[in-house]
Amino acid sequence: MQKIAPFLWFDGKAEEAMNFYTSIFKNSRIKDIRRSRGGGPWPEGTVMSGTFQLDGQEFMALNGGPQFSFSPAVSFFVNCETQQEIDELWDKLSEGGEKQRCGWLKDKFGLSWQIVPTVLGELLQDKDGEKAGRVMNAMLQMDKLDIETLKRA
């Protein structure tokens, strides 16, 4: 187990979320699911928590109830090498959720993601401040980020 892992709180949908996320990212799997034996707030047989990996990164999920929900104050930043990868992740993660500006989206569970081309950091740090400014302005007009449009800017 890695030393630090994101711990995600769901309202009864932890297993569904783990299945959803592991179906999208390569090198992903559900490691374990812990079901209630009837003690505590969970009815017998229901999922209490689980551990899963997305592209080798470990996550934990808890069916904690309706007390807390996700906020964009915490999001998952996904570096993408190609437009195909951006398109695929954007389409799958936003299904049933909400597409937002500048590569951000909220999935059907309310979790925020940033689907970003790796090249964006280089473009925004260009030594030519005018170029970097044009890239920023182009990005601010987009929902899903488009690598070629950013490069042309």
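Of the options [x] 0.97; [y] 1.07; [z] 1.24, only one is Rg/Rh (Cα atoms, Kirkwood Rh) as computed from these coordinates, and that is [y]. Rounded to 0.05, the FRET efficiency of the ARG29 and GLN83 pair, given R0 = 35 Å and the Cβ-Cβ distance, is 0.85. Measuring r between the beta carbons of LYS151 and LYS108 and using R0 = 25 Å, the FRET efficiency lands at 0.20. Measuring nothing but protein heavy atoms, the accessible surface of the stretch 17-153 at 1.4 Å probe radius is 49 percent carbon and sulfur.
For the stretch 1-150, lysine pairs with C-alpha atoms less than 26 angstrom apart, excluding pairs fewer than eight positions apart on the same chain, total 26.
If one takes the longest principal axis of the Cα atoms in the chain, at what angle in degrees, from 0 to 90 and to the nearest 10, does the Cα axis of helix 129-140 lie? With both axes taken from Cα atoms, the answer is about 40 degrees.
Note on LYS3 and ASP143: the model spin-label points, each 7 Å out from Cα along the C-beta direction, lie 4.1 nm apart. In the full protein context, the chain carries 59 Å² of accessible surface per residue, based on a 1.4 Å probe and ignoring ligands, DNA and RNA. One decimal place: the segment GLU130-ARG37 gains 27.3 nm when fully extended, by the rule 0.36 nm per residue minus the C-alpha distance.
The values are calculated or read from the model by the stated rules, or taken from the named source; none is laboratory data. Remember, it's a predicted structure, so these values are computed and weren't measured experimentally. In this analysis, Cβ positions are derived from the backbone assuming ideal geometry, glycine residues included, and neighbour counts consider all displayed protein chains. The accessibility values were calculated without ligands, DNA or RNA, using every heavy atom of the protein model including side chains. Shrake-Rupley method; radii C 1.70, N 1.55, O 1.52, S 1.80 Å.
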